[in-house]
Amino acid sequence: MEHDDLHLNLRNLQLSDYPQIEALMNQVYTDLGGAWPKHTIEQLIREFPEGQLGIEDSDQLIGVALTVLVDYNRFSNPHTYDDIVDSKERIQGQAEGDALYGLDVLIDEDYRGYRLGRRLYDARKELCRQYNLRAILAGGRIPEYHQHRSNMSPAEYIEAVSRKELHDPILSFQLSNDFQVKRLLRKYLPEDDESAGYATLLEWNNIFYEPEQAVVDTRKSSVRLGAVQWQMRAVQSAEEMLHQVEYFVDALSDYQSDFAVFPEFFNAPLMGLREHDSQTEAIRFLADFTEQFRNEMSRMAVAYNINIISGSMPLLEDDRVFNVSYLCRRDGTWEEQRKIHITPHERNDWVIEGGDQLKVFETDAGRVGILICYDVEFPELGRVMADQRLEILFVPFWTDTKNGYLRVRQCAQARAIENECYVAIVGSVGNLPSVDSLDVQYAQSSVFSPSDFAFPHDAVLSETTPNTEMLMFSDLDLDKLKVLHNEGSVTNLKHRRPDLYDVRWLNKV
């Protein structure tokens, strides 16, 4: 068959197709009794028409996939072929089932080599997604096992096929279509001499499956991030600065943002409210405002219905200073993330100490983490959070020169790729010579994505104009991360080698 002569069409099967289905089953199942009777096919088409798929070339049916709805909990456990097709060849499906069960995929022998089986499997997967079903299950024969039965157990044979040391026409095909072997089924089809009665229980999981629940409890899949590239400016009071903060929160909320993100030490101009004998004294003075700012930003999160990443502020605790960022949720709760790695300037001039906890926070708009500026330059932290199913990483930063900024930017892009998550970096701009350490700023706030076909070609979702006060918005599709984790061009998280290396958080306090 020349491919130029093909005129393929994928469609649902009809009752009138039975003669062609019968001929195809007789051709393929010469060793297993041939075709099902007409009443079996009619039952499938009548009870679940969407699940019965065919590929035709012109008017000739050349490929068939037969599928039934089943209860996942029942058929993800050991069962036999008789549990799905009884002795009178009636299909034992469940109309309210939460999984698909693949009965047969048949391809005309004259049309082998065109990947038509994969086309039918892809259609099944799409059906599973559209119907919000948990999985596709199948009992898979291992027809080449009889050739190795004398020197291999079924489990050893399956392992050899999975390592591609052996080829099995059914199991190899299933594995190449992202199915996983869940268990070995004994006496699945006793008359199947080629498989010695064994079969594999295969499963393909629908990563988009969502159990039925109330709409208000449904997790968001599309998230809008709003960020403030903050201008450092002289102020006369904390209240004046909080008024400016509220202005930006209000503006971001007007655009239905789920998050408002501020830079590291964005309220540092408050150090200019009075003279200080040293920078150590100045940072402790700034810490006096932290509780007020946290409380006010928590109030704004509720009032404007937006989650706020508070940038960062100094926290004085037991006469020790920490650099802390707050997640202020719109439900009124708040949590903190302390900067772990302290820069030489922070350590030497401000005597700031590093925190010892790393968290991933659950929000109504995804699982998020915070790494403050320098922390993003340490890849171990991102990997630990990725193991906790991180989706969005926020990086409030403060850099004075472009080379310092580029360290943050390029490391943040690496974290997005290697951990398959979104990363937002948000900084401050402007000059304030009257305050130590605020004389120059450099920032270009950005949102980075993983690098694959579903994302922008340069893996940059949004970015601001450098060194200009402005708002930045970016819409993040969390479902794209699910697809990437499972079906990306490369899957960094899945392909790690825990047999060779490991990244663990040692502090259990």
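One line per residue, one yes/no per condition, for (1) more than 21 Å from the chain's Cα centre (by Cα); (2) closer than 14 Å to G382 by Cα; (3) at pLDDT 95 or above; (4) buried (at least 16 other Cβ atoms within 10 Å of the Cβ):
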{"residue": "R415", "(1), (2), (3), (4)": "no, yes, yes, yes"}
{"residue": "V426", "(1), (2), (3), (4)": "yes, no, yes, yes"}
{"residue": "P433", "(1), (2), (3), (4)": "yes, no, no, no"}
{"residue": "A443", "(1), (2), (3), (4)": "yes, no, yes, yes"}
{"residue": "E463", "(1), (2), (3), (4)": "yes, no, yes, yes"}
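In region 445-456, the condition of being loosely packed, with under 15 Cβ neighbours inside 10 Å and not aromatic (F, W, Y) is met by at least one residue. Please determine whether any residue of region 82-99 is surrounded by fewer than 21 Cβ atoms within 10 Å (Cβ to Cβ), touching a residue at least 12 places away in the same chain (Cβ under 8 Å) and more than 38 Å from the chain's Cα centre (by Cα). Scanning region 82-99, I find at least one residue that is surrounded by fewer than 21 Cβ atoms within 10 Å (Cβ to Cβ), touching a residue at least 12 places away in the same chain (Cβ under 8 Å) and more than 38 Å from the chain's Cα centre (by Cα), so the answer is yes.
The set of residues from region 65-81 being surrounded by 20 or more Cβ atoms within 10 Å (Cβ to Cβ) and either β-branched (V, I, T) or touching a Ser or Thr at 6+ places or on another chain (Cβ under 6 Å) (or both) comprises T67, V68, V70.
Restricting region 258-304 to residues that are part of a helix (DSSP H, G or I) and hydroxyl-bearing (S, T, Y), the residue that is modelled with the lowest pLDDT is T280.
Count of region 320-366 residues, restricted to those that are polar (S, T, N, Q), over 25 Å from A282 (Cβ atoms) and surrounded by fewer than 19 Cβ atoms within 10 Å (Cβ to Cβ), is 2. Condition test on R330, is it more than 19 Å from W230 (Cα to Cα), basic (K, R) and either in the same structural domain as Y247 (by TED's automatic domain parsing) or not in a helix (DSSP H, G or I) (or both)? So R330 passes the test. Scanning region 305-327 for residues that are assigned to a loop (DSSP other than H, G, I, E, B) and either closer than 16 Å to K359 by Cα or under 30 Å from the mean Cα position of the chain (by Cα) (or both) yields N305, I306, S310, G311, S312. Residues considered: R124, R115. Of these, the only one that is at pLDDT below 90, in the same structural domain as Y157 (by TED's automatic domain parsing) and farther than 17 Å from Q43 by Cα is R115.
For region 92-111, a residue qualifies if it is hydrophobic (A, V, I, L, M, F, W, C) and within 21 Å of Q174 (Cβ to Cβ), and the qualifying residues are A99, L100, L103, V105, L106, I107. Total residues in region 461-484 satisfying the condition of being within 17 Å of S222 (Cα to Cα) and out of contact with any Lys or Arg (no Cβ under 7 Å at 6 or more places or on another chain): the figure is 13.
Listed by position, the strands (runs of 3 or more DSSP E) inside region 173-242 whose residues that are over 30 Å from T468 (Cβ atoms) and among the aliphatic types (A, V, I, L, M) number at least 1 are 180-185, 199-205.
The values are calculated or read from the model by the stated rules, or taken from the named source; none is laboratory data. Given the structure is predicted, the values throughout are model-derived calculations rather than measurements. For neighbour counting, all protein chains shown are included, and Cβ atoms are generated from backbone atoms with ideal geometry for every residue, glycine included.
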